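Novice: Submitted below is the structure of interest, expressed as structure tokens.
Every read-out reported here was derived from the displayed coordinates using simple, explicitly stated rules and does not represent laboratory data. These figures come from a predicted structure and were not determined experimentally. Positions of Cβ are backbone-derived with ideal geometry, glycine not excepted, and every protein chain shown enters the neighbour counts.
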Amino acid sequence: MRGASLSIKAWVQTLKIQACSLGLLWVFGLTIVGSPLILIAVAARGFIVGFTVGFLVQEEAGKGLILAIAGVLPQNLCYIPAFLGAGVLSLYFSFTLLRTQDAPYRRLGVYTLLFLVFFLLVLIGSWLEAYLAPGLMRLILPILK
């Protein structure tokens with residue numbers, strides 16, 4: 001039972017972090033000034049994932065590649081499309097605010113609903129990160145020794 005509660009805590013913590021990042025992209029899209037921040041946020045996430053995979057592969061060669069596939073890939077199959085899509089949508093919405101003069105209330109609803117779709121991807125990714133990735137790591141670690 002103790003392991004299940006640790007997994008739930010890990011899932012909640014991961015979901016909190018990822019949802020906050022997604023929420024920031026949503027807020028940045030509401031302002032025209034937030035456009036550069038959207039690009040910085042998406043680029044920083046890409047740098048972090050790339051650095052992690054590159055480090056693992058450079059330090060451990062084939063073992064590092066297997067570690068990256070088991071520990072980094074599963075959740076990022078959901079996170080990368082979610083954050084790229086959210087970044088593009090945020091930029092589009094921000095530029096739409098700049099171009100149009102009418103009230104954007106209807107567009108704000110569609111914008112928020114699309115972000116809920118991205119949140120579902122983040123929810124799935126955080127579940128994969130908390131439950132699937134540790135299980136895969138436990139399976140491959142004895143093989144890599």
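Novice: Scan the chain and note any complete DSSP helix (H) whose C-alpha atoms cover at least 18 Å along its axis and whose Kyte-Doolittle average is -1.0 or more.
Specialist: Within the chain the helices that satisfy the rule are 2-30, 35-60, 73-99, 105-127.
Novice: For the chain, modelled as a GNM with alpha-carbon contacts under 10 angstrom, which of Pro36, Pro74, Pro134 fluctuates the most?
Specialist: Pro36
Novice: Follow-up question, since we're still on this one. At a 10 Å Cβ-Cβ cut-off, how would you order Trp26, Trp127, fewest neighbours first?
Specialist: Taking fewest neighbouring Cβ atoms as first place, the list is Trp127, Trp26.
Novice: Roughly how many debye, to the nearest 20, is the charge dipole of the chain about its Cα centre, given +1 on each Lys and Arg Cβ, -1 on each Asp and Glu Cβ, and no other charges?
Specialist: Here the chain has a charge dipole of around 260 debye.
Novice: Ok, one more. Taking the chain as a Gaussian network, Cα atoms linked when under 10 Å apart, which of Tyr105, Tyr79, Tyr92 shows the biggest mean-square fluctuation?
Specialist: Checking each option, the largest mean-square fluctuation is seen for Tyr105.
Novice: Mind grabbing the base-10 log of I(q)/I(0) for the chain at q = 0.08, 0.19 Å⁻¹? Debye formula, identical points on the C-alpha positions, no solvent, two decimal places.
Specialist: Log10 I(q)/I(0), no solvent term: -0.28, -1.09.
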